[in-house]
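Taken together, the values in this text are just the output of simple stated rules run on the coordinates, not laboratory data. These numbers come from a predicted model, not from an experiment. Cβ sites come from the backbone with ideal geometry, for glycine too, and all protein chains shown count toward neighbours.
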Amino acid sequence: MNVLIVDDEVDLCKLLSLQLKSLGLASEYVNSISEAKEKYRPGKFDLIFLDLNLKDGSGFEMLDYLKQFKSTPRVIVISAYDAERSQVLKEGADYFLPKPFSKKNIAEIIDSF
């Protein structure tokens, strides 16, 4: 399974990448919406971890961008703001993961897919 991490916190990207690697998953990370759009190709990623608050826009923009493709990866939105949960799910995310989260949380979500 190939995973794309989209978050402007580099340390979080590195930590999440290590956690995913320990679960046997390959990952890449980018720090902005524009980088995510450049990196994304249909079929390249099976899963996206997407932060909502990025330096060049909102994760909602990326959710909208993904809607143009027939086949899209599952999207897990990560955010410190739990109030956004229902809106995120309405906009097409598969799961909302509140920050902070643990490796166990990640494993449980991935296993549920």
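Tabulated data
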quantity: Charge dipole (debye, nearest 20) of the chain; +1 at Cβ of Lys and Arg, -1 at Cβ of Asp and Glu; calculated: 340
quantity: Sparsely packed trypsin sites (Lys or Arg not before Pro) within the stretch 33-90, loop by DSSP, other Cβ within 10 Å at most 15; calculated: LYS44, LYS55, LYS67, LYS70
quantity: Qualifying chymotrypsin sites (Phe, Trp or Tyr not before Pro) for the stretch 39-88 [loop in DSSP, other Cβ within 10 Å: at most 16]; calculated: PHE69, TYR81
quantity: Residue list for the stretch 68-82, given a label point 7 angstrom along the Cα-to-Cβ vector of ASP11 and an amide N cut-off under 20 Å; calculated: 78-81
quantity: Centre separation in Å (Cα based) which lies between the stretch 4-46 and the stretch 60-113; calculated: 13
quantity: Chain lengthening between GLU61 and LYS37 when straightened (0.36 nm per residue, less Cα-Cα); calculated: 7.6 nm
quantity: Percent of Cα-Cα distances greater than 23 Å, calculated over the chain; calculated: 18
quantity: Net lengthening on full extension, PHE69/LEU89 (0.36 nm per residue, minus Cα-Cα); calculated: 5.4 nm
